[in-house]
Amino acid sequence: LGRRVLCGTEYATVRYVGGVPPTAGIWLGVEWDDPKRGKHDGTHEGKQYFKCRHPRGGSFIRPNKANFGVDFLTAVKNRYGLNDEQDAEHGTEDTLVFGKKTVEFVGMDSVAEQQRQVQLNQLVEVSVRECAVSHAGQKEEIGRTCANIRHINLSKNLISSWDTVTSIASQFQNLETLNISENKMKFPSTSTSISSVLPRLRILALNQTEITWREVLLCAPGWPALEELYLTSNNISVLERPDNVLQTLKLLDLSDNQLLDGNQLHLIAHLPRLEQLILRNTGLSSIHFPDAGFGCKTKMFPSLKRLAINDNKISQWSSINELDKLPSLQSLQCHNNPLMDTEKNPDTLRQLIIAKISQLEVLNKSEGAELDYRKIFGNDWLAAGGSWDPDKNKPSEEFLAAHPRYPSLCLKYGAPEEGELKAQQPLTLKNQLLTLTIKCPEKPEQKPVEKKLPDSMTIQRVKGLLYRLLKIPGSELKLSYESSKLEGKEVELDNDLKPLQFYSIENGDSVLVRW
């Protein structure tokens, strides 16, 4: 019972072994991975022989219709053409003809076997995906035959228990990578024995294995050096704090598990070396780090550099504000959240996110986005109690909750000036013209030139204009701009297809030209 079988191309789990009257002989009651393959729920003529998750997920089959799988070493030999049967198919002979004389070689079988052993021992990386592996085989035979293997792909086989995995994997002293995804198996309900330790295992994939987080923690003492753990699509909803395990973990992927709520993340927030956390499609609707106030850094996720929260239910900017509390965050993926629909212009949305998370590393646009953000919400800041006079500058708690980085941006760039915050006039061509100074800082012989340019003009068209002025091809020109309010700070104009207004360029700014 619980054994995994293959019937044709369909996978199933044995739920019943025995008779099914009035028919004679032994039947296997199986629950199919694909319930469409089944006929019933384990009931025959009113009697229930076994249970299925799906009302039509079960069938009865004869044992001779089921493939119970092969041992690991047989699968490796079959996959890599190193078995006896294939030698026979290719007509290996123990004789050789010299002229008219036939010479018979004694012991050729043993020579061929020695060659196979040498070839197996040379294997470092092995993939036996979909090779119907169900058990380890003879004790210690794997270790004697192919001891140098360091990377194994055992995904989508007939492995039905974690014990089978450890009985195979523990025979490789230098095993670094193990993929056993898509094997529905039984995991230990108590702590694993010390004999199942995989001392050098760095990468482990357990996607679609129906493992729970508690079972992960029970097995984890056997992975003392683990750095990457993939647990996607396992119906994990509740997490627990990993005490004295997974302390070396750098990457954790929990995608496609519907977590109970955002508070589950607090339970894994103190993994000291975790640098990358992937939470795609986990049902997250909010993120909160309650141990830190606005403008402060949380003690949670101290090493986290990369976070993926795309395909979730996050709809409030407060969750993005909370991410600024992470002390090491450099990279964020957050598309396909309801929040992304709150702003029609994707460039503006991108700039707002960059401006809200101080350490986010995104191509040279960070400073321009921060300036733009400071200006966009300047009137809100004033209305909430903000002031150019430091003694009177007391924005409300509501404003700081919505814009926790605003005070630090004012410290960095200065408070927004009154002229910046005036209500915009109707968009006539005159109002859209920018008066800019064109400078060539590395060519002192070129005198600065003042030009009036529409703010909708693309960087590519600006380069065309400069070609007419300087006779230098646009492909050789490198442009940046310097704000009249921030002398000495440059922002690179690095996208030829973007208009001047994308970079928040204003009247009186300087365009710097180099080649």
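From the protein chains alone at 1.4 Å, what is the descending order of accessible area for 49, 80, 503, largest first?
80, 49, 503
Taking label points 7 Å from Cα along the Cα-to-Cβ direction, residue 197 and residue 241 give a separation of 2.5 nm.
Once the Cα-Cα distance is subtracted from the 0.36 nm per residue extended length, the residue 445 to residue 127 segment shows a gain of 107.9 nm.
Of the listed residues 389, 163, the order by accessible area with a 1.4 Å probe, largest first, is 163, 389.
Spin-label pair residue 296-residue 494: with each label point 7 Å from Cα along the Cα-Cβ axis, the two points sit 3.5 nm from one another.
Computed with a 1.4 Å probe over protein heavy atoms only, the accessible surface of the chain comes to 53 Å² per residue. Helix 108-122 and the longest principal axis of the C-alpha atoms of the chain enclose an angle of approximately 20°. Fully extending the segment from residue 65 to residue 210, taken as 0.36 nm per residue of separation minus the present Cα-Cα distance, adds 49.6 nm. If only the Cβ of Lys and Arg carry +1 and only the Cβ of Asp and Glu carry -1, the dipole of the chain around its Cα centre is close to 540 debye.
Surface listing: 331, 59 arranged by accessible area from highest to lowest gives 331, 59, probe 1.4 Å. By DSSP, the beta bridges lying fully in the chain are antiparallel in about 55 percent of cases.
Take residue 128: with every protein chain present and a 1.4 Å probe, its accessible area is about 0 Å². For the range 54-70, putting each phi into the Karplus relation 6.51 cos²θ - 1.76 cosθ + 1.60 with θ = phi - 60° gives couplings of 9, x, 10, x, x, 8, 10, 9, 6, x, 6, 8, 9, 9, 8, x, 10 Hz, in residue order, rounded to whole numbers and with x for Gly and Pro. Counting Lys +1, Arg +1, Asp -1, Glu -1, what net charge surrounds residue 150 among other residues with beta carbon under 11 Å of its beta carbon? Summing Lys and Arg as +1 and Asp and Glu as -1 gives 0.
Counting only Cβ charges, +1 for Lys and Arg and -1 for Asp and Glu, the dipole size of the range 433-514 around its Cα centre is about 320 debye.
Backbone phi angles across the range 457-472, fed through the Karplus curve with coefficients 6.51, -1.76 and 1.60 (θ = phi - 60°), yield HN-Hα couplings of 5, 6, 4, 4, 5, 4, 5, x, 4, 5, 4, 5, 7, 10, 6, 10 Hz in residue order; Gly and Pro are listed as x.
Close amide H pairs (under 5 Å, H built 1.01 Å from N) link residue 16 with 29, residues at least 5 positions away or on another chain.
Near the amide H of residue 438, within less than 5 Å, lie the amide hydrogens of 449, 450, 451, 511, all on another chain or at least 5 residues away, with H placed in the peptide plane. The H on the amide N of residue 161, modeled in the peptide plane, is under 5 Å from the matching H of 186, each at least 5 residues off or on a different chain. Residue 457 contributes an accessible area of around 20 Å² to the protein surface, as traced by a 1.4 Å probe with all chains present. What the Cβ-Cβ distance of residue 140 and residue 7 gives, at R0 = 22 Å and to the nearest 0.05, is a FRET efficiency of 0.10.
Phi angles across the range 230-243 convert, under the Karplus curve 6.51 cos²θ - 1.76 cosθ + 1.60 with θ = phi - 60°, into 3J(HN,Hα) values of 10, 10, 6, 6, 10, 6, 6, 10, 10, 10, 10, 6, x, 8 Hz, Gly and Pro given as x.
A straight chain from residue 44 to residue 306 at 0.36 nm per residue would run longer than the Cα-Cα distance by 89.0 nm. Using only the alpha-carbon atoms, how far is helix 366-376 inclined from the longest principal axis of the chain? Give it as 0 to 90 degrees, nearest 10. That works out to roughly 60 degrees.
The values are calculated or read from the model by the stated rules, or taken from the named source; none is laboratory data. From a predicted model like this one, the values you see are computed outputs, not experimental measurements. In this analysis, Cβ positions are derived from the backbone assuming ideal geometry, glycine residues included, and neighbour counts consider all displayed protein chains. These accessible areas exclude ligands, DNA and RNA; they are computed on the full protein's heavy atoms, side chains included. Shrake-Rupley method; radii C 1.70, N 1.55, O 1.52, S 1.80 Å.
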